[in-house]
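What follows is calculated from the coordinates using simple rules that are stated; it is not laboratory data. No experiment lies behind these values; they were computed from the predicted model shown. Here the Cβ is made from the backbone with ideal geometry for all residues, glycine too, and neighbour counts use every protein chain on show.
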Amino acid sequence: MTVPLDVEDLGEVQWSPTGKYLALNNLQAIVIVDSQTGRVVKTINYQAPTALHGTGTHQSLLSSAVPLGGGFGFYSVAWSPDGASLAVDVSNIDSGKVVLLDPQTGTVKTTFSAQAAPIGLALAFSSDGKYLAVSYANDAKIVVWSVATQQVVSVLGGAQSMTIAWQPGTHNLTRNTSSSTEIWDVDAHKLLKTYKEVSGFAWSPDGKRLAAYTLPFAAPFSDTKTGKVTILDADSGAQVGVYSSQDPLIFSASWSPDGRSMVTVESPGHNSTNIQIVIWAA
């Protein structure tokens, strides 16, 4: 199934834990899509805080009003393991925070702000819902919060990580660096494993397979990169499958909850409005 959307530069796509919905986002909008029918269920638009308007009454950052332009907005989203909340990184140019919101209404439930930076490019919940991690690539750090207390439990530095993900069933956090992908035990603060020459990745639900691909913003910038996702055995690193796209750019990849399918956001080129969601058998 292919779902065309009339929005530009969608950077992420995430299955809900039940597999019923997909959440997609760019800077100004989060789009909730029914994965079975392709119907848009809800669109949540970013609206700047009062200080950026200059005058007027206070307005929510999560709004159904006409979105604003600029470098502020939604930089990343992630479903909670129970599917009841959507974590969203919200940037206001010189400050930032992460909020948990109701994906059906856009209502903010919880806010994480301790050690937050202006732009969080990736968000991830541990599979037990205990931890929420955000990567602040511009600040070369990953902050891990306790979901229950909103307190910081770990900070990983030393790399500008554009992608992070927890290995299912563990507190092992995976991150990419400029030349590789690393797996860290957050509880022990210990590096466990390194995969060379992988910039984009996604864990299978059972934690046994890793989908690896090249992100479009990985240097050098080009519209001629091969659109390919390679499925690796997590223990041995051996290739066990491969998907080749008709488009050169793959912005993100995500597994279905049953591990049988994957969904990718693809484009024929940077700044193209011809963005497609492609669902394929893994």
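Pairs exceeding a 30 Å alpha-carbon distance, out of LYS20/LYS193; LYS109/LYS190; LYS20/LYS130; LYS109/LYS141; LYS20/LYS141; LYS141/LYS196: LYS20/LYS193; LYS109/LYS190; LYS20/LYS141. Within the shell defined by Cβ-Cβ distances under 12 Å, the residues around THR177 carry a net charge of 0, with Lys and Arg each +1 and Asp and Glu each -1. Compared with the alpha-carbon gap, the fully stretched path from GLU197 to GLN160 is longer by 11.8 nm at 0.36 nm per residue. Backbone geometry of segment 27-39 corresponds, through the Karplus equation with coefficients 6.51, -1.76 and 1.60 at θ = phi - 60°, to 3J(HN,Hα) couplings of 4, 9, 8, 10, 10, 9, 10, 6, 6, 8, 10, x, 6 Hz, x marking Gly and Pro.
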